[in-house]
Amino acid sequence: MRLRVGIIGIGNMGRAHTEGFLGLSDAQVVAVTDTAAAGDAGKSFAAKYDLVHEDSLESLLSRPDIDAVAITTPHALHMEHSLMAMEAGKHVLLEKPMEVSLERCDRIIEAAAKAGVKLMVAHSHRYWPGDALAKKIVDEGGIGKVVMVRDALVSGGYRAYPPAGEPRRWNLDPALYGPGGLLAWGCHCMDRFRFWLQSDCIEVYAHGFPFRTEVPDEISTHMIMMRFDNGASATLWYSETLPRPAWTMDHAYCRAEIVGDKGLLDVNPYAFVRLSQEGSKEWEEVYRCCFEDTRSDGKAFKACWHDEDEAFVRCVLDDTEPPVTGLDGRKAVEMCLAAYESGLTGRAVKLPL
């Protein structure tokens, strides 16, 4: 049996998931739609991958030859599009962040349960080869009990509107993008903490501020400390607005240092994983990835979406719980929202909210 899939959204993630599903023997991509696409962009996308182009979301969801959909539309449209898909009886792979508020996340989770369909949130960092290897080492006791994690996801740039007369991208509209990049991209790190620690966050203290951004009320840069219910602690530095060239011109600096009571892990999913175990005299490099492999046509990038999409397909065909549940997606959003609240109030925020 093959899972027949529709793609909703033709941006970078729409393309990534299309290619991910096309690489699977137990999946078939049938059709695509993106009502927000300008001109013939949607038709060109469909032609490139030999898919049917549907002019509307309603027409795609009405197709009996589609069992599931991948939703890759702007963040604040996730609830609307998910509910429509679930009411049509389609299983849903939903891009991160799950939504821009907990209330919207809850409505998606409730709709999936009511419709009896699978809901998986696409937190891709669980499937980047370096992050997945770090998880394996932690689970096998390679560094003992994890007690601390220091993570960073930072890049260079300036959040500015385009010149008058030029189109404005949706990620400059808070009504679609949400409160800022921490929710949009930093949710990867929040999910990584829970993924590695197998623990829930219970307290967040953050300093967030509007660094190098013209977008009104946007908090672009954060320093965050978190406590987890297993006693571990974590810190996160997030920004997408550092002066260029930042720490690396070509790619975001994404690096986590994991401290166990019997060893250490140094994890850059776009470059390397290094392991140091108690008693060893030097670090051991257990994974190496060149920058070209992380590009959209590189083997690490392709492996990530291949594995993520395959996990979604298997949970539907085998009728098992998705490896990244709606609750997982909600908790990553909750941690981000707690950081925004702490930054505004200057106080630690207890979870759950």
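The values are calculated or read from the model by the stated rules, or taken from the named source; none is laboratory data. Note that the structure is a prediction, hence the values are computed from the model and not measured. So basically every Cβ, Gly included, is an ideal-geometry build from the backbone, and we count neighbours across all protein chains shown. Accessible surface areas use protein heavy atoms only, side chains included; no ligands, DNA or RNA. Shrake-Rupley method; radii C 1.70, N 1.55, O 1.52, S 1.80 Å.
Taken over the range 233-252, residues that are over 25 Å from Glu203 (Cα atoms) and polar (S, T, N, Q) amount to 2.
In the range 107-130, the residues that are at negative phi and open to solvent by 30 Å² or more (accessible area, probe 1.4 Å) form Cβ pairs under 6 Å with partners that are among the aliphatic types (A, V, I, L, M) and part of a helix (DSSP H, G or I), at six or more places apart or across chains, as follows: Arg107/Met79; Ala115/Met86; Lys118/Val316; Pro129/Ala300; Pro129/Ala303. Number of residues in the range 8-61 that are under 21 Å from Asn171 (Cα atoms), among the small types (Gly, Ala, Ser) and not in a loop (DSSP other than H, G, I, E, B) equals 4. Residue-level analysis places Lys90 among those that are open to solvent by less than 30 Å² (accessible area, probe 1.4 Å) and among the charged types (D, E, K, R). Anything in the range 141-193 that is of a type in the set (D, E, K, R), open to solvent by 30 Å² or more (accessible area, probe 1.4 Å) and not in a strand (DSSP E or B)? List them, or say none. If the condition is that a residue be of a type in the set (D, E, K, R), open to solvent by 30 Å² or more (accessible area, probe 1.4 Å) and not in a strand (DSSP E or B), then Lys145, Glu166, Arg168, Arg169, Asp173 are the ones that fit. Every condition in (1) in contact with a Lys or Arg (Cβ under 7 Å, 6 or more places away or on another chain); (2) open to solvent by 20 Å² or more (accessible area, probe 1.4 Å); (3) closer than 22 Å to Val204 by Cα is met by Arg255 except one, and the failing one is (1). Where helices (runs of 4 or more DSSP H) sit wholly within the range 237-353, those with at least 1 residues that are at pLDDT 95 or above and out of contact with any Gly (no Cβ under 6 Å at 6 or more places or on another chain) occupy 299-317, 326-345. Val154 meets the stated requirement of being out of contact with any Asp or Glu (no Cβ under 7 Å at 6 or more places or on another chain), of a type outside the set (Phe, Trp, Tyr) and over 18 Å from Glu334 (Cα atoms). The single condition among (1) open to solvent by less than 10 Å² (accessible area, probe 1.4 Å); (2) part of a helix (DSSP H, G or I); (3) out of contact with any Asp or Glu (no Cβ under 9 Å at 6 or more places or on another chain) that His78 does not meet is (3). Close Cβ contacts (under 7 Å, 6 or more residues apart or on different chains) running from residues in the range 282-294 that are farther than 16 Å from Cys254 by Cβ to residues that are assigned to a loop (DSSP other than H, G, I, E, B) comprise Glu292/Gly298.
Give the residue, chosen from Gly298, Gly343, Gly260, Gly329, that is within 23 Å of Leu3 (Cβ to Cβ) and either surrounded by fewer than 21 Cβ atoms within 10 Å (Cβ to Cβ) or not aliphatic (A, V, I, L, M) (or both).
Gly329
When residues in the range 25-57 are screened for being open to solvent by 80 Å² or more (accessible area, probe 1.4 Å), of a type in the set (Asp, Glu) and within 26 Å of the chain's Cα centre (by Cα), 0 of them pass. Is it the case, given these coordinates, that Leu337 is closer than 22 Å to Tyr177 by Cα and exposed (fewer than 15 other Cβ atoms within 10 Å of the Cβ)? No; evaluated as a whole, the condition is false for this residue. The residue that is surrounded by the most Cβ atoms within 10 Å (Cβ to Cβ), counting only those in the range 205-247 that are without any contact (Cβ under 8 Å) to a residue 24 or more places away in the chain and more than 22 Å from Met148 (Cβ to Cβ), is Thr221.
Listed by first and then second residue, the pairs with beta-carbon distance under 7 Å, at least 6 apart or on different chains, first residue in the range 329-353 and free of Cβ contacts under 8 Å to residues at least 40 places away in the same chain and within 12 Å of Met225 (Cα to Cα), second open to solvent by 10 Å² or more (accessible area, probe 1.4 Å) and among the aliphatic types (A, V, I, L, M), form an empty list.
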